[in-house]
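Remarks on the structure that follows.
What follows draws every value from the coordinates through simple rules; no lab data is involved. Everything numeric here is computed off the predicted structure, so don't read it as measured data. Cβ atoms come from the backbone with ideal geometry, glycine included; neighbour counts cover every protein chain shown.
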Amino acid sequence: HPAVLRLIDQTVSGAHARKRWVGVCGSVAGDPQAVPILIGLGVDELSVSVPAIPAIKAQIRRLRLSACREVAARALAAGTAAEVRALVEEQNESGL
């Protein structure tokens, strides 16, 4: 949801201003659709289950930081969760 993404964005901004890192754990950190947005928001660490590590690591290696930042900015501007999901689908189709 865009409101949750805005909270993550504010957390990252505040933490980085104080030279702190931000990590995300749980199912969202291991969700391939969320990973580009989290990276684009500046999240420093993703904690995922052991079986998910190879796939998420491979995905991250294929991503371009500039594209992640762009999709994150668009997700922050979205008004609804459905708009964020549509944006993610669009990015998946374009090969982000």
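Which of rounded, prolate, oblate describes the range 14-61, given a ≥ b ≥ c as roots of the alpha-carbon gyration tensor eigenvalues and a/c under 1.5 marking rounded, otherwise prolate only if a/b is larger than b/c?
prolate
Treating the beta-carbon of each Lys and Arg as +1 and of each Asp and Glu as -1, no other charges, what is the dipole magnitude of the chain about its Cα centre, to the nearest 20 debye?
Value, rounded to 20: 400 debye.
Rounded to the nearest 500 deg cm²/dmol, what is the calculated helix-only ellipticity per residue at 222 nm for the chain, with -39500 (n - 2.57) per DSSP H run of length n ≥ 4?
-19500 deg cm²/dmol
For the range 2-94, list log₁₀ I(q)/I(0) at each q in 0.25 Å⁻¹, using the Debye formula over Cα point scatterers of equal strength and ignoring solvent, two decimals each.
-1.42
Kindly state, to the nearest 0.05, the FRET efficiency for ARG20 paired with LEU65, given R0 = 22 Å and r defined as their beta-carbon distance.
Once the sixth-power term is evaluated, E becomes 0.65.
Given Cβ point charges of +1 (Lys, Arg) and -1 (Asp, Glu) and nothing else, what value in debye, to the nearest 20, does the dipole of the range 1-50 about its Cα centre take?
For this selection, approximately 240 debye.
How high is the relative contact order of the chain, given as a whole-number percent (alpha carbon pairs under 8 Å, six or more residues apart)?
Computed value for the chain: 33 percent relative contact order.
Any chance you could list the semi-axes, whole Å, largest first, of the equivalent ellipsoid that the Cα gyration tensor gives for the range 1-40, using √(5λ)?
Over the Cα atoms of the range 1-40, the semi-axes work out to 18, 12, 8 Å.
Could you calculate the contour length gain from ILE53 to GLU89, that is, 0.36 nm times the residue separation minus the distance between their Cα atoms, to one decimal place in nm?
Value of the extension gain: 10.7 nm.
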